[in-house]
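K.L.:
If you scroll down you'll find the structure; I have some questions about it.
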Amino acid sequence: MALTRRTVLAGSAAGGLLLAANPAAARGQTVFAHGVASGDPHADSVLLWTRVTDPARQPVSGIWEIAEDERFAHIAAQGTFTTSAARDHTVKVIAEGLTPGRDYFYRFRALDAVSVSGRTKTLPVGPVERLDIVLACCAMYMFGEFHAYRAIADRDAVDIVLFVGDYIYEYGAASMPGVMDQRPIEPPHDTVTLADYRARYAQWRRDPALRDAHARAPWICMWDDHEIANDDWMHGAQHHDPAVNGDWEQRKAAAVRAYLEWMPIRDPAKADPYGITRSFAFGDLATLALPETRLMARQQQLSLTGDLDWHLVDRRSGARRVIVDPAELKGLDPTALPQGVTREPDVEGFRRKLANPDREMIGAKQRQWLADELAGHKQAGRSWFLFGSATILSSYIYPDLTRYPGGKAALAPMYELTRHGLPLLNVDSWDGYAGERDKIYDLFEANGANLLVLSGDSHMAWINELHHGERRIGLELSASTLTGPSIGELILPPGPIGQAFADDNRDVRWCDPRAVGFITVSLTAKGVDADFVRVLTPRKVTGKLDIAKHASARIAPAGLSGWHLD
């Protein structure tokens, strides 16, 4: 871990002396204030990223280098770049002609300054013994320190950081009642314009822990909703009011432009601006497929307030009878119902809406792409098919929260709904698009791949087993928030709620609704091992972490096992 030691040294007194002896490196702390990053590796190439801070805001030219050693004695590739205010002075280049499956070091030079060096790695070809992935999502700068990013930067074994969404959040200051901001946010209002989104990314990337995590290894990234606005879909979002925020298409275009400027991701074709669907092959060990789930095909989410119908139910005769006669309904006052008549949600009707096969999250074009990826994976004979999903793929309902005293009084109506076995916040995930999920499950099951889903979004940690009908067809690991707040902190009553999720849902093996942290995933041809790395002090300056849960599964001649937990 020489790179990490060097980073630590640069912040010490001795590091200061070294920087003073190298004026170009010292100036690099200002000129390249947002660090360096790499991403979307191929077997023979990788994307390199930085940003040049130029007070004059003029076009800037510079040099990039990628080397086989951290002293840059053996340069593997180099080139020039030009950037300007038109792209917020960010830089993205593709280093080509590289050797598969090896580590490289890279840096940038501009304005008489040299950046810190980053470490990256090309994808392997042929036999692969082991693949180490860090799975992460959901970083809220204003609500917690980036201790998780520091831990990622300091890890010895990281081949890829897989970030499955919510890299930034669009919310302004003091956005969550009952949760105090820990750090001021830029801009202080919701991000709407291009300048807003750029400023938000810039603030995140000035954090030393995040800078070092990007410099540690190549990242593979996918957006979720908060890179634009909460619960977004093709033509809008829950957190977008045209009367307040203006035109949705303009906001969406601004957010996507800033994302592509600031994130280490290969740009989509101009004719397909949201087409960041992609896949990666890790030699003979694994295929990673990463669909776009927000802007290309997603239809608007259903909601409990708008799409859950309610009945008046008569039990006065002992049997349950839904009152449908208009004359009888007219004679009843919903605010003063007679004894034996109750107002109840149409749970089955809502489930039928969720299961409508015409409702889509990724659409027919991406489903065909997924089928093709599965076919190629099978032909290549790789051990693992990894499906990267911004939201949880497994099915679950909330347990009956009315069984647990001490919840928030304002949330009593929500707690009451949990008595009926409904999905709640997860209508934005695959539970809200269950019909299309069945089509995807058909593809997985027909292919017979050893399936591992890597997902995020929920601000809870999960170990799941996917079922299609009565059959287990794969496994899932789902990361919580890197910073907090967790869903447990925000809305759940005290008590063993995580165990209740596991007890009430066949797909759920383990759940920690108060988890903050990330997941490490180690794959071999024989199995998978995963650790849930938990941040115990997300709001304190000093980070304290532990391992909350270990999970493992094995590939046997009879197929992929279920999870073993310890």
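K.L.:
Tell me yes or no: at least one residue of the stretch 349-369 is on the phi > 0 side of the Ramachandran plot, surrounded by 13 or more Cβ atoms within 10 Å (Cβ to Cβ) and either in contact with a Phe, Trp or Tyr (Cβ under 9 Å, 6 or more places away or on another chain) or in contact (Cβ under 8 Å) with a residue 12 or more places away in the chain (or both). So that I can check it myself, show each step before the final result.
P.N.:
The initial filter retains those residues of the stretch 349-369 that are on the phi > 0 side of the Ramachandran plot, namely 363.
If we keep only those that are surrounded by 13 or more Cβ atoms within 10 Å (Cβ to Cβ) too, we end up with 363.
Restricting the remaining residues to those that are either in contact with a Phe, Trp or Tyr (Cβ under 9 Å, 6 or more places away or on another chain) or in contact (Cβ under 8 Å) with a residue 12 or more places away in the chain (or both) gives 363.
Yes - at least one qualifying residue is present in the stretch 349-369.
K.L.:
Kindly indicate whether Leu393 is farther than 30 Å from Arg343 by Cβ and part of a loop (DSSP other than H, G, I, E, B).
P.N.:
Working: farther than 30 Å from Arg343 by Cβ: yes; part of a loop (DSSP other than H, G, I, E, B): yes.
Yes: the conditions hold for Leu393.
K.L.:
For the stretch 324-339, indicate whether the set of residues that are under 20 Å from Trp233 (Cβ atoms) and in contact (Cβ under 8 Å) with a residue 24 or more places away in the chain is non-empty. Steps first, please.
P.N.:
The initial filter retains those residues of the stretch 324-339 that are under 20 Å from Trp233 (Cβ atoms), namely none.
No, the stretch 324-339 contains no residue that is under 20 Å from Trp233 (Cβ atoms) and in contact (Cβ under 8 Å) with a residue 24 or more places away in the chain.
K.L.:
Further question on the same structure: List the helices (runs of 4 or more DSSP H) that sit entirely inside the stretch 424-504 and contain at least 3 residues that are under 30 Å from Gln379 (Cβ atoms), of a type outside the set (Lys, Arg) and in contact (Cβ under 8 Å) with a residue 60 or more places away in the chain.
P.N.:
Numbers: elements: 434-447, 487-490, 497-504.
Filter on the stretch 424-504 gives 434-447.
Residue-wise test of (1) closer than 27 Å to Ala153 by Cα; (2) surrounded by fewer than 22 Cβ atoms within 10 Å (Cβ to Cβ); (3) of a type in the set (Asp, Glu).
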| residue | (1), (2), (3) |
| --- | --- |
| Glu445 | no, yes, yes |
| Trp462 | yes, no, no |
| His467 | no, yes, no |
| Leu477 | yes, no, no |
| Ala500 | no, yes, no |
| Asp507 | no, yes, yes |
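K.L.:
Can you tell me how many residues in the stretch 140-170 are in contact (Cβ under 8 Å) with a residue 60 or more places away in the chain and farther than 24 Å from Thr122 by Cα?
P.N.:
The total comes to 10.
Rundown of residues vs (1) in contact with a Lys or Arg (Cβ under 6 Å, 6 or more places away or on another chain); (2) surrounded by 16 or more Cβ atoms within 10 Å (Cβ to Cβ); (3) within 30 Å of Ile547 (Cβ to Cβ), yes/no style:
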position	(1), (2), (3)
Thr80	no, no, no
Phe108	no, yes, no
Val134	no, yes, yes
Met140	no, yes, yes
Glu145	no, yes, yes
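K.L.:
Further question: Checking the conditions here, which among Glu227, Glu261, Glu292, Glu249 is without any contact (Cβ under 8 Å) to a residue 12 or more places away in the chain and outside any strand (DSSP E or B)?
P.N.:
Of Glu227, Glu261, Glu292, Glu249, the one residue that is without any contact (Cβ under 8 Å) to a residue 12 or more places away in the chain and outside any strand (DSSP E or B) is Glu249.
K.L.:
Let me ask something else. Of all residues in the stretch 53-78 being in contact with a Leu (Cβ under 9 Å, 6 or more places away or on another chain) and not in a loop (DSSP other than H, G, I, E, B), which is most open to solvent (accessible area, probe 1.4 Å)?
P.N.:
Taking the candidates together, the pick is Ala76.
K.L.:
Can you find even one residue in the stretch 379-390 that is surrounded by fewer than 18 Cβ atoms within 10 Å (Cβ to Cβ) and either in contact (Cβ under 8 Å) with a residue 24 or more places away in the chain or outside any helix (DSSP H, G or I) (or both)? Please lay out each step first, then the result.
P.N.:
Applying the first criterion (surrounded by fewer than 18 Cβ atoms within 10 Å (Cβ to Cβ)) to the stretch 379-390 yields 379-381.
Adding the requirement that they be either in contact (Cβ under 8 Å) with a residue 24 or more places away in the chain or outside any helix (DSSP H, G or I) (or both) leaves 380-381.
So far as the stretch 379-390 goes, yes, one or more of its residues are surrounded by fewer than 18 Cβ atoms within 10 Å (Cβ to Cβ) and either in contact (Cβ under 8 Å) with a residue 24 or more places away in the chain or outside any helix (DSSP H, G or I) (or both).
K.L.:
Related question: Looking only at the stretch 519-533, count how many residues are of a type in the set (Asp, Glu) and buried (at least 22 other Cβ atoms within 10 Å of the Cβ).
P.N.:
Narrowing the stretch 519-533 to residues of a type in the set (Asp, Glu): 529, 531.
If we keep only those that are buried (at least 22 other Cβ atoms within 10 Å of the Cβ) as well, we get none.
Residues flagged as of a type in the set (Asp, Glu) and buried (at least 22 other Cβ atoms within 10 Å of the Cβ) within the stretch 519-533 amount to 0.
K.L.:
Hey, could you check the stretch 396-417 for residues that are more than 26 Å from the chain's Cα centre (by Cα), assigned to a helix (DSSP H, G or I) and of a type outside the set (Gly, Ala, Ser) and say which is nearest to Ile133 (Cα to Cα)? Break it down stepwise before answering.
P.N.:
Taking the stretch 396-417 and keeping what is more than 26 Å from the chain's Cα centre (by Cα), we get 400-413, 415-417.
Right, trim to assigned to a helix (DSSP H, G or I) and you get 401-403, 409-413, 415-417.
Within this subset, residues satisfying the condition of being of a type outside the set (Gly, Ala, Ser) are 401-403, 411, 413, 415-417.
Numbers: Leu401: 35, Thr402: 39, Arg403: 38, Leu411: 37, Pro413: 40, Tyr415: 37, Glu416: 40, Leu417: 38 Å.
Across the stretch 396-417, the extreme among qualifying residues is Leu401.
K.L.:
Give the residue, chosen from Arg251, Arg216, Arg278, Arg266, that is charged (D, E, K, R), surrounded by 22 or more Cβ atoms within 10 Å (Cβ to Cβ) and closer than 30 Å to Ala157 by Cα.
P.N.:
Arg216
K.L.:
Would you confirm, using the coordinates I've provided, whether Thr50 is open to solvent by 70 Å² or more (accessible area, probe 1.4 Å), under 19 Å from Ile265 (Cα atoms) and part of a strand (DSSP E or B)? Quick ask: steps written out before the conclusion?
P.N.:
Working: open to solvent by 70 Å² or more (accessible area, probe 1.4 Å): no; under 19 Å from Ile265 (Cα atoms): yes; part of a strand (DSSP E or B): yes.
Judged against the criteria, Thr50 is not a match.
K.L.:
Among Asp154, Asp181, Asp159, which is the only one that is open to solvent by less than 40 Å² (accessible area, probe 1.4 Å) and of a type in the set (D, E, K, R)? Can you show your working first?
P.N.:
Details: Asp154 fails: open to solvent by less than 40 Å² (accessible area, probe 1.4 Å); Asp181 fails: open to solvent by less than 40 Å² (accessible area, probe 1.4 Å).
The conditions single out Asp159.
K.L.:
Which residues, counting only those in the stretch 186-202, are open to solvent by less than 10 Å² (accessible area, probe 1.4 Å), touching a Phe, Trp or Tyr at 6+ places or on another chain (Cβ under 7 Å) and not aromatic (Phe, Trp, Tyr)?
P.N.:
Correct list: Thr191 only.
K.L.:
Please specify each residue of the stretch 213-230 satisfying the condition of being under 22 Å from Ala195 (Cα atoms) and of a type in the set (Phe, Trp, Tyr).
P.N.:
Trp223, the sole residue that qualifies.
K.L.:
With the requirement that a residue be part of a strand (DSSP E or B), free of Cβ contacts under 8 Å to residues at least 40 places away in the same chain and either of a type in the set (Ser, Thr, Tyr) or open to solvent by less than 90 Å² (accessible area, probe 1.4 Å) (or both), what does the stretch 538-566 give you? Reasoning before the result, please.
P.N.:
Residues of the stretch 538-566 that are part of a strand (DSSP E or B), as a first pass: 545-556, 559-560, 564-565.
Then drop every residue that is not free of Cβ contacts under 8 Å to residues at least 40 places away in the same chain, which leaves 546-547, 550, 552, 554, 556, 564.
Residues satisfying the conditions are Asp546, His550, Ser552, Ala556.
K.L.:
Right, something else. Scan the stretch 281-294 residue by residue and report those that are of a type in the set (A, V, I, L, M, F, W, C) and open to solvent by 10 Å² or more (accessible area, probe 1.4 Å). Don't jump to the end; show me each part of the working.
P.N.:
Filtering the stretch 281-294 for residues of a type in the set (A, V, I, L, M, F, W, C) gives 281-282, 285-286, 288-290.
Once the filter is applied, which keeps residues that are of a type in the set (A, V, I, L, M, F, W, C) and open to solvent by 10 Å² or more (accessible area, probe 1.4 Å), the stretch 281-294 yields only Ala281.
K.L.:
Restrict the check to the stretch 307-322 and report whether at least one residue is assigned to a helix (DSSP H, G or I) and open to solvent by 60 Å² or more (accessible area, probe 1.4 Å).
P.N.:
no
K.L.:
Tell me, which residue of the stretch 82-99 that is touching a residue at least 40 places away in the same chain (Cβ under 8 Å) and not β-branched (Val, Ile, Thr) is most open to solvent (accessible area, probe 1.4 Å)?
P.N.:
Going through the stretch 82-99, the residues touching a residue at least 40 places away in the same chain (Cβ under 8 Å) turn out to be 87-88, 90-99.
When the remaining residues are screened for being not β-branched (Val, Ile, Thr), the result is 87-88, 92, 95-98.
Working: Arg87: 69, Asp88: 11, Lys92: 44, Ala95: 0, Glu96: 127, Gly97: 70, Leu98: 12 Å².
Once the filter is applied, the top-ranked residue is Glu96.
The values are calculated or read from the model by the stated rules, or taken from the named source; none is laboratory data. Computed from a prediction, not measured in an experiment: that's the story for all the values here. Glycine gets a Cβ as well: all are built from the backbone with ideal geometry, and neighbour counts include every protein chain shown. The accessibility values were calculated without ligands, DNA or RNA, using every heavy atom of the protein model including side chains. Shrake-Rupley method; radii C 1.70, N 1.55, O 1.52, S 1.80 Å.
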